[in-house]
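Participant: One structure, pasted below without further comment.
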Amino acid sequence: MANQEAIGDVERWSMVVVYDESTGTVVHTHQVVTSRGGAHPDDAAIEREALELAGHRGSDTGQRLSPLRVDPRSINADSHYQVDSVKRTLVEVPRAPRR
């Protein structure tokens, strides 16, 4: 994932994960980065776009998908995440060991 310093003159950076409500599995991540002086969409618009882009996955599998806003600066690119559906929080989960 990008970090703010690598992006340059960033005014705002937003991230939404779309997840399966029944399992907490993240099926899509969506980021919006706006340069200084640009127009950043509001949170509701970002969530709608993320759900729209992930929608085909949910309709194909019967999943019930929900958006969750997260701070992109809190994400470790080397980690795996899922959503605690009860707490509606993103949690880091260990990766399965490689064989």
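The values are calculated or read from the model by the stated rules, or taken from the named source; none is laboratory data. Keep in mind the model is a prediction, meaning the values are calculated, not measured. Glycine also receives a Cβ, built like all others from the backbone with ideal geometry; neighbour counts cover every protein chain displayed.
Participant: Of these, 77, 96, which one is hydrophobic (A, V, I, L, M, F, W, C) and either crowded, with 16+ Cβ neighbours inside 10 Å or without any contact (Cβ under 8 Å) to a residue 60 or more places away in the chain (or both)?
Facilitator: Step by step, each of 77, 96 is checked, and only 96 is hydrophobic (A, V, I, L, M, F, W, C) and either crowded, with 16+ Cβ neighbours inside 10 Å or without any contact (Cβ under 8 Å) to a residue 60 or more places away in the chain (or both).
Participant: Here is a further query. I'd like to verify a number: residues in the stretch 65-99 that are charged (D, E, K, R) and modelled with pLDDT under 90, how many?
Facilitator: 4
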